[in-house]
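These notes are about the structure you will find just below.
What follows draws every value from the coordinates through simple rules; no lab data is involved. A quick note: this is a predicted structure, and the numbers were derived from the prediction, not measured. Here Cβ is always computed from backbone atoms with ideal geometry, including for glycine, and neighbour counts include all displayed protein chains.
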């Protein structure tokens with residue numbers, strides 16, 4: 001149980017375009033999902049907390065107009081990187097909360113912006 | 001002081017040995033503690049959670065929690081080369097218990 005999927009696993013896009021990443025909890029309902037970013041050889045950095053049916057809560061320094069999060073159902077959250085630039089190239093990982101406090105991670109999406 | 005601290009390593013152990021990974025945290029009121037394993041280029045995978053003082057065993061893994069000393073450790077018995085990965089310690093954020101605070105991870109290398 002507690003399987004989380006992400007799509008796509010890898011995406012390459014041109015600078016200035018937008019990219020949407022989907023995160024799904026496959027065998028449980030997740031009222032709360034999280035979006036992280038990880039640069040090479042660094043630890044996970046929480047970007048935002050996504051709650052079903054409400055606006056996401058962004059961490060300090062994360063631009064909410066650039067990283068649009070939608071949590072439309074109990075099994076799906078999406079992250080859209082708008083007007084992507086090379087510095088947005090990173091490994092984006094979502095997690096979904098199962099039970100009171102346990103987070104299960106998706107496989108991640110590697111974004112490369114040319 | 002970082003909220004969750006881990007030695008970055010690498011920690012090198014021979015195959016079959018016990019690997020001991022340590023983590024300290026700064027907020028005394030933290031209640032939930034997790035160990036994740038992350039292979040290079042992959043996302044974190046939950047190994048164990050622990051909430052009470054003492055030991056919790058799951059197969060070759062044992063998590064140890066000492067709230068008075070504010071440390072949590074992970075022991076891996078009979079280490080295998082496939083255990084080579086970065087191990088992340090995570091602690092719930094007392095200000096928002098939904099959130100986890102991650103350490104920077106300890107890189108473990110198990111050599112044959």
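Summary of computed values
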{"quantity": "FRET efficiency for residue A:112 and residue B:68, using Cβ-Cβ distance with R0 set to 41 Å, rounded to 0.05", "calculated": "0.30"}
{"quantity": "Residue A:45/residue B:15 FRET efficiency (R0 30 Å; Cβ-Cβ; nearest 0.05)", "calculated": "0.35"}
{"quantity": "Per-pair calculated FRET efficiency, R0 = 25 Å: residue B:7 and residue B:80 via Cβ, rounded to 0.05", "calculated": "0.75"}
{"quantity": "Share antiparallel - DSSP beta bridges, chain A, percent rounded to 5", "calculated": "90"}
{"quantity": "Percent of beta bridges antiparallel (DSSP, the protein assembly as shown, rounded to nearest 5)", "calculated": "90"}
{"quantity": "Label zone at residue A:12, where the point sits 7 Å out along the Cα-to-Cβ direction: the stretch A:92-114 residues whose backbone N lies under 20 Å", "calculated": "A:92, A:108-114"}
{"quantity": "Diffusion constant of the protein assembly as shown at 4 °C, which comes from Stokes-Einstein with the Kirkwood Cα-pair radius and 1.567 mPa s, µm²/s", "calculated": "71"}
{"quantity": "Distance from the stretch A:50-103 to the stretch B:43-76 (C-alpha centre basis), Å", "calculated": "28"}
